[in-house]
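Step one of this worksheet: look at the structure below.
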Amino acid sequence: MAKLAKLDDIVSLCKRRGFIFQSSEIYGGLASCYDYGPLGVELKNNVRKAWWKAVVQMRDDVVGLDCSILMHPLVWKASGHADKFADLICECKKCNTRTRVDHLKDKAEEGAAAQEHIEHVDIEKEVAAQHDLSNKVCPDCGKVGNFTEPMPFKLMFETQMGANVDDSMTLFLRPETAQGIFANFRNVLDTTRVKIPFGIAQIGKSFRNEVTTKAFIFRTREFEQAELEFFCEPGTDDEWFEHWKEQRFNWYLNLGIKKENLRFREHDADELAHYAKGCVDVEYKFPFGSGDWQELEGIANRTDYDLRQHQRGMRTLNAWFEAKGDLAKIELKAEAEEYLKGPLSYFDDVEKKRYIPYVIEPSAGIDRSTLAFLVDAYDEEEVRGEKRNLLRFHPALAPTKVAVFPLVRKDGMPEIARNIYNDLKEHFTTFYDEKGAVGRRYRRQDEAGTPFCITVDGQTLEDKTVTVRERDSMEQVRVATDKLPGHLREKLV
Ligand code: ATP
């Protein structure tokens, strides 16, 4: 029975073994910002690679993209982020702590996990709604019902482009990667052979000035998203929605997440962003709060909303110049009759019809899923009276695939082990270690999640075989040195 990891165990292992560090730690740290260390960067790269493989490489109907983080400000006007992307917050009058209204708990629910299911973009609806905070508890000082009126809090980070104050322009750090995909829809259509149904995928950084950050890398202000916009003909969208729900759920399972820790949560109609026809979250049972289910990935049917909006947005360029870049002064005009024929429409040359495609969007967090993979892989067990910490990573995710050791530092064993290491590193991320007792070296690799350790020992000198020890079972088999790459490839792929 695997031990249920506590967040503290994970944070301390991550720091101790160089997975994840607090950003700017030598200056006392920067809240909610984290750096991935030598093992962490390999793990995170592997999570990205696994996503890209499943969503792009293995499919005939998805292509990739890598857009810039800074985009024309009108992108965010058209997408709705410039006007609506905010959280509703209130401030505790006693201790001045600001909290998202949807994160506040009732006095009666204290100890239970906070509700976190309100989408950021519902802000207008939220502002208009009545919020009774009389029973709500301040998460910081515990005072009940002592809050300011709820107010919207803008979530996009702003920055300035241009050398001079006079002609510099306010830009936004993107709060999602999706809009870069919509803005390039026409470019991709014109330069590739894609035909609907098809998808465009992207992995990249996003930024949100979150009111409250929490739980290590679960919610941070700078994070990485892996998003797919899958374009399909209206009327086929429900089918594609189901398809991607299944694909994405299985992706986590195939990478070793335990089934009992994963579930879907359908959004209620009143929770849906105004443009979405349907939305489901893939949730993971994270070990914080009270062992609560939390969103890992959102899968939404965004209809034709975004492409339509950008088609309207493109026509506001002159107005934007006239308003000297003041987005608040620009209005997106109602659709002209001919919107259907615009550049972001699609012409089906078999059926001879033109339409604005619908979009199914699976949107995952690379950092958040990395945390889920860490939590799910974490285990502690007792072996011959000694505690063993291990990360039971799926081989595709393990930061190091193989470690090579000489049993002792004599009799030519280090030289043989080094040769094996040099051969294997052509094929796998490999680590060489000759320091300390071999048992300690095994433990260190268990804790880093390395699936295989190879030891060169006395018998190697006689028959050119080595021991290959498997992380989870600790079983050891002897394998001929020249058969190692094949033996490992079979187990690691
Ligand atoms: P939440 O309700 O948790 O704020 P959201 O519903 O606004 O999230 P989406 O806009 O659907 O999130 O973003 C898609 C995915 O991006 C999320 O499922 C999550 O994995 C990741 N993500 C979003 N915000 C953050 C964040 N602040 N830190 C880390 N990952 C994030």
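The values are calculated or read from the model by the stated rules, or taken from the named source; none is laboratory data. Small disclaimer: the values here were computed from a predicted structure and weren't measured. All Cβ positions, glycine included, derive from the backbone under ideal geometry; neighbour counts span all protein chains shown. Keep in mind that these areas ignore ligands, DNA and RNA; they rest on the heavy atoms of the full protein, side chains included. Shrake-Rupley method; radii C 1.70, N 1.55, O 1.52, S 1.80 Å.
Extents of segment 36-100, taken as max minus min of Cα coordinates on every principal axis and listed largest first, are 54, 37, 19 Å.
A compact globular protein would have a Cα radius of gyration near 2.2 N^0.38 Å; the ratio found for the chain is 1.12. Accessible area of segment 1-105 with a 1.4 Å probe: how many percent of it is carbon plus sulfur? Here carbon and sulfur together make up 55 percent of the probe-accessible area.
Backbone N atoms of segment 143-161 closer than 12 Å to the 7 Å Cα→Cβ label point of Thr97 belong to residues 143-144. Using a simple spin-label model with pseudo-atoms 7 Å out from Cα toward Cβ, His487 and Ser134 lie 7.3 nm apart.
Modelled spin labels at Glu381 and Val408, positioned 7 Å past Cα toward Cβ, are 3.0 nm from each other. Rounded to the nearest 0.05, the FRET efficiency derived from the C-beta distance between Ile26 and Lys353 at R0 = 60 Å is 0.45.
Computed on segment 164-214, the Cα convex hull volume stands at 148 Å³ per residue. Other residues lying with their Cβ under 14 Å from the Cβ of Asn46 contribute a combined charge of +2, Lys and Arg counting +1, Asp and Glu -1. Computed in the context of the full set of protein chains, the accessible area of segment 156-253 at 1.4 Å probe radius has 46% of its extent on carbon or sulfur. Cβ screening of the chain for cysteine pairs under 4.7 Å finds these without a partner: Cys14, Cys33, Cys67, Cys90, Cys232, Cys279, Cys453. Taking every C-alpha pair closer than 8 Å and separated by at least 6 residues, the mean separation divided by the residue count of the chain gives a relative contact order of 15 percent. With protein chains left intact and a 1.4 Å probe, residues in the chain average 48 Å² of accessible area per residue.
Compute the separation of the alpha-carbon centres of segment 151-178 and segment 240-314 and state it in Å as a whole number. Cα centres, segment 151-178 to segment 240-314: 28 Å.
The lysines within cross-link reach of Lys352, meaning a Cα-to-Cα straight distance under 28 Å and a gap of 8 or more places when in the same chain, are Lys195, Lys277, Lys341.
Multiplying the residue separation of Asn318 and Gln247 by 0.36 nm and removing their Cα-Cα distance gives an extension gain of 21.3 nm. What do you get for Rg/Rh of segment 299-400 when both radii come from the Cα atoms and Rh is the Kirkwood radius? When Rh is taken as the Kirkwood radius, the ratio is 1.34. Shown here are the Rg and Dmax of the Cα trace of segment 400-492, at 11.7, 32 Å.
Estimated from the Cβ-Cβ distance and a Förster radius of 22 angstrom, the FRET efficiency linking Thr429 and Lys53 is about 0.85. Let me check I've understood the local charge: for Val194, count other residues with C-beta under 14 angstrom from its C-beta, Lys and Arg +1, Asp and Glu -1. What total comes out? Spelling it out: positives minus negatives among the neighbours equals -3.
Over the chain, DSSP H runs of length four or greater, each weighted -39,500 (n - 2.57), average out per residue to a 222 nm ellipticity of -8000 deg cm²/dmol.
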